[in-house]
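Visitor: My questions will all concern the structure given below.
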Amino acid sequence: MKVLTVNFPSVLETTFGNTENSAKDLLNGLKIKKEDTWYMVGNLAKRAGVNPNHVTNASPQLEDYEVLFKSALITVAAQVEQPVAVTMGFPFSTYSVYKSTAEQFLSKRHFMAEYDTQTYNVNGSVKRTTFDVDNFDVIPEIVGCIIGLKKILGNKPPTNFIAISLGFGTIEGGMATENGLVHRTCFSSYGLQYAIDNLHQELSKRYYLKMKNVHQLDDAFRKGSIFINRENVDIKGLRKSILNQYFREVIYLLLNKYFNDQDFEICEKIYLMGGGAYYPELVEAFKNEFNGSIQVEVAPEPEKLASIGYLYNSFRISDGKQQRSVGIDIGNSSTTVSVFQDKDLTPATPTPTPHKQ
């Protein structure tokens, strides 16, 4: 089964006025209405907004969560049959708190999304589309990552391994064995926002950052440069220093606290997942720490694994209905949604119900 995965930044901003012809397609032109308020979402918010933002580790009760959830469904609505089976997840740090709230949110079963296609279509208009949820499940994020990794590796996954997801809001980890997840080893702590906050403090000593929010600094951190007062400031050296400090003061302490020598002895690999796995400085820090005693490897498609794992869980709870299965990972940095496809497709416009503005 082939998997189609799309993602967009988990940022949004209320919008007023004209946004026509400001994007090339639906994914880059998400404009969603909730009650009486219009929101630019994802790439459109980053490109056309003034202060696009998102609450870190948002509760399903918040507007941010609902807007991102509906936006995710819109991007794949044309590729799935209804009613859909949906799986979502949370880090261990918020899982126990938000699980029942998310289940109440999904138990509404019927969702209506109002969106504007004029952002990318000269003949577009305001549309409405509905989504019916049949089955749903809420599982820990690290479990989704492990399921996704095993499905991508197929028959090749090691018997015992440590999975570490380097996310924006949280870092998650745990050991997977042939018998399942070892809960004693599962942890959740400060994610890469810890490093981004340190970047902000360090840059603020030398520059006026003009109210740049944490998500804008996250973009600069990934690029390794930032424009300040029309000057392109190289921050790669600072990034390396900050990430090394993050490894020493957060990750190293977690590894020592949650894993013992016996765990490391039986583990064949450490897999790095999440968006943070793309930072070579962090990967190098892991490899230097284990110095060849355990192989450290960046998992395939690390930023997609949670969503893919959620998708396969939806496939399970839907009694094997591929075209009705959806996995949605509303992350703090990006929202990723996965569906099954017989062939590779690009996100298409959902079939709407016409609606007059």
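The values are calculated or read from the model by the stated rules, or taken from the named source; none is laboratory data. Everything numeric in this text was worked out from a predicted model, so none of it was measured. Glycine gets a Cβ as well: all are built from the backbone with ideal geometry, and neighbour counts include every protein chain shown. Please note that ligands, DNA and RNA were not included when accessible areas were found on the heavy atoms of the full protein model with its side chains. Shrake-Rupley method; radii C 1.70, N 1.55, O 1.52, S 1.80 Å.
Visitor: May I ask you to list the residues in the range 171-191 that are touching a residue at least 40 places away in the same chain (Cβ under 8 Å) and open to solvent by 10 Å² or more (accessible area, probe 1.4 Å)?
Guide: Residues satisfying the conditions are Thr177, Val182, Arg184, Cys186, Ser188, Ser189, Tyr190.
Visitor: From the residues in the range 264-279 that are exposed (fewer than 15 other Cβ atoms within 10 Å of the Cβ) and closer than 19 Å to Gly148 by Cβ, which one is modelled with the lowest pLDDT?
Guide: Among them, the one singled out is Glu268.
Visitor: Also: Going through the range 108-120 one residue at a time, which ones are touching a residue at least 24 places away in the same chain (Cβ under 8 Å) and open to solvent by 60 Å² or more (accessible area, probe 1.4 Å)?
Guide: Those that are touching a residue at least 24 places away in the same chain (Cβ under 8 Å) and open to solvent by 60 Å² or more (accessible area, probe 1.4 Å): Lys108, Arg109.
Visitor: Given the conditions (1) modelled with pLDDT of 95 or more; (2) open to solvent by less than 40 Å² (accessible area, probe 1.4 Å); (3) within 26 Å of Tyr115 (Cβ to Cβ), report the number of the one that Val296 does not fulfil.
Guide: (3)
Visitor: Something else: Restricted to the range 97-141, and to residues that are hydroxyl-bearing (Ser, Thr, Tyr) and in a strand (DSSP E or B), which residue is nearest to Pro83 (Cα to Cα)?
Guide: Thr130
Visitor: Name the single residue, out of those in the range 159-170 being over 25 Å from Ile196 (Cα atoms) and open to solvent by 10 Å² or more (accessible area, probe 1.4 Å), that is modelled with the lowest pLDDT.
Guide: So, considering only residues that are over 25 Å from Ile196 (Cα atoms) and open to solvent by 10 Å² or more (accessible area, probe 1.4 Å), the one modelled with the lowest pLDDT is Thr159.
Visitor: Which one of these is over 27 Å from Thr177 (Cα atoms) and exposed (fewer than 15 other Cβ atoms within 10 Å of the Cβ): Asp234, Asp261?
Guide: Asp234
Visitor: Name the single residue, out of those in the range 192-215 being open to solvent by 60 Å² or more (accessible area, probe 1.4 Å) and free of Cβ contacts under 8 Å to residues at least 24 places away in the same chain, that is nearest to Gly274 (Cα to Cα).
Guide: The qualifying residue nearest to Gly274 (Cα to Cα) is Asp197.
Visitor: Restricting attention to the range 153-175, report how many residues are out of contact with any Ser or Thr (no Cβ under 9 Å at 6 or more places or on another chain) and on the phi < 0 side of the Ramachandran plot.
Guide: Qualifying residue count for the region: 9.
Visitor: Another question, if that's okay. Quick test for you: out of Glu249, Glu268, Glu231, pick the one residue that is of a type outside the set (Val, Ile, Thr) and closer than 22 Å to Lys156 by Cβ.
Guide: Just one listed residue meets the conditions, Glu268.
Visitor: Here is a follow-up. I'm trying to understand the selection: among the residues of the range 142-187, which are under 22 Å from the mean Cα position of the chain (by Cα) and either assigned to a helix (DSSP H, G or I) or more than 23 Å from Leu253 (Cβ to Cβ) (or both)?
Guide: Ile142, Val143, Gly144, Cys145, Ile146, Ile147, Gly148, Leu149, Lys150, Lys151, Ile152, Leu153
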